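Shown next, in structure tokens, is the structure this report addresses.
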Ligand code: ATP
Ligand code: LTN
């Protein structure tokens, strides 16, 4: 089975990315032939700093390895190292609906937040569709916010197959049962996010333990004492229960039962401990791996080579089916 996912090398990665992303990547890599792509081409769709992009590409690569992705077993690479991704994005734009792109909630949200809206922000989902389809992917592990983009990728595959003949496998998404959408600790109606969240409400994987504790202890809850998972009535408390469940693997019911009547103080303090215990070893491994940039560079180069080989046959078929002459 082919597995593919992408993650942007922008901003500091947070607990939401761990829960919806990293954690799932490490778990799914055992199920098949996995490709994890650092989608640097996607990060130029909003304002960015070229120097920061370079270092955050290595940052993210080290973090993926620290979170348990094994570069021997899986292919980890940078999107810009494999030119097939840019080519696919252009070719697939012929079978992508302009109207559907305009309905993407991520585009609507992100374009509202800024004065300059790049064309790339609009066409972003075509590049993502190409990422996935080039590898004949069966399974895409992602968080809840990427559902609509995956649906578009499936539509693109089906439209291409109908118009030009069976070429692409139509991929399925895999969303974690728990923690597919971790919310901001200060504004639990919004997802935890580096671009749209609050700094105090966003737990970074790189945060030192005392910062993690402070952020979790000051998480917004309601005025009750009842530790109960109810997203409507108790968004803040529910979010903390999910975070604890992600960190420890316990069920909601077990967590609720343990804090029954105990109030929020001890509960928050234990959530903080659980998150520190989860992130500490990842942060430590990250620090070690990030220190050797030469080694990271070599590993990325060998990932790119494997990815190029895997993507080439599908790209070639696309050119042929679409009627291009080949050199
Ligand atoms: P951000 O909103 O912080 O900029 P992003 O979703 O735009 O993040 P990535 O860092 O590429 O960009 O996301 C990597 C993975 O993390 C994706 O699969 C995404 O679905 C998942 N993810 C992002 N935020 C959350 C969240 N709050 N809860 C669960 N999963 C999340
Ligand atoms: N759009 C995604 C990142 C992404 C991706 C992909 C995820 C780009 N290409 C292919 C899965 C498969 C995001 O913003 N998180």
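The values are calculated or read from the model by the stated rules, or taken from the named source; none is laboratory data. Bear in mind the structure is a predicted one, so any value in this text is a computation, not a measurement. Every residue, glycine as well, gets a Cβ built from its backbone with ideal geometry; the counts of neighbours run over all protein chains shown.
A few notes on this one:
- Residue 63 satisfies every condition listed in (1) surrounded by 18 or more Cβ atoms within 10 Å (Cβ to Cβ); (2) within 12 Å of ligand 2 (Cβ to nearest atom); (3) within 19 Å of the chain's Cα centre (by Cα) except (2).
- If you go through the stretch 101-127 and pick out every residue that is within 11 Å of ligand 2 (Cβ to nearest atom), part of a helix (DSSP H, G or I) and within 30 Å of residue 1 (Cβ to Cβ), you end up with 5.
- Members of the stretch 4-27 found to be closer than 23 Å to residue 168 by Cβ and either modelled with pLDDT of 95 or more or out of contact with any strand residue (DSSP E or B) (no Cβ under 8 Å at 6 or more places or on another chain) (or both), listed by number: 4, 5, 6, 7
- Residue 205 meets all of the listed conditions (1) within 16 Å of ligand 1 (Cβ to nearest atom); (2) closer than 17 Å to residue 129 by Cα; (3) surrounded by 16 or more Cβ atoms within 10 Å (Cβ to Cβ) but one, namely (2).
- Candidates in the stretch 128-144 are the residues that are assigned to a helix (DSSP H, G or I) and more than 7 Å from ligand 2 (Cβ to nearest atom); of these, the one that is surrounded by the fewest Cβ atoms within 10 Å (Cβ to Cβ) is 144.
- Single match in 18, 48 (criterion: crowded, with 23+ Cβ neighbours inside 10 Å and under 22 Å from residue 106 (Cβ atoms)): 18
- Flag if residue 275 is over 20 Å from residue 225 (Cβ atoms) and either out of contact with any strand residue (DSSP E or B) (no Cβ under 7 Å at 6 or more places or on another chain) or free of Cβ contacts under 8 Å to residues at least 24 places away in the same chain (or both): yes
- Search result, residues across the stretch 145-167 that are within 14 Å of ligand 2 (Cβ to nearest atom) and touching a residue at least 12 places away in the same chain (Cβ under 8 Å): 145, 146, 147, 148, 149, 150, 152, 153, 154, 156, 157
- Residues within the stretch 172-202 that are away from ligand 1 (no atom under 14 Å from the Cβ) and within 28 Å of residue 92 (Cα to Cα), tallied: 1
- Count - residues of the stretch 119-171 that are under 11 Å from residue 92 (Cβ atoms), touching a strand residue (DSSP E or B) at 6+ places or on another chain (Cβ under 9 Å) and within 16 Å of ligand 1 (Cβ to nearest atom): 4
- Where helices (runs of 4 or more DSSP H) sit wholly within the stretch 186-292, those with at least 2 residues that are closer than 26 Å to residue 60 by Cα and touching a helix residue (DSSP H, G or I) at 6+ places or on another chain (Cβ under 9 Å) occupy 209-217, 235-248, 264-290.
- Boolean, residue 185 is under 25 Å from residue 11 (Cα atoms) and buried (at least 19 other Cβ atoms within 10 Å of the Cβ): yes
- All positions within the stretch 6-37 that are more than 26 Å from residue 188 (Cβ to Cβ) and near ligand 1 (Cβ under 9 Å from one of its atoms): 6, 9
- Cβ separations smaller than 8 Å between residues 6+ apart or across chains give no pair from the stretch 61-85 residues that are without any contact (Cβ under 8 Å) to a residue 12 or more places away in the chain and more than 25 Å from residue 153 (Cβ to Cβ) to residues that are more than 15 Å from ligand 1 (Cβ to nearest atom) and assigned to a helix (DSSP H, G or I).
- Scanning the stretch 14-35 for residues that are closer than 24 Å to residue 242 by Cβ and within 11 Å of ligand 2 (Cβ to nearest atom) turns up 16, 17, 20, 21, 24, 25.
- All conditions but one from (1) buried (at least 18 other Cβ atoms within 10 Å of the Cβ); (2) under 25 Å from residue 181 (Cβ atoms); (3) touching a strand residue (DSSP E or B) at 6+ places or on another chain (Cβ under 9 Å) apply to residue 104; the one that does not is (3).
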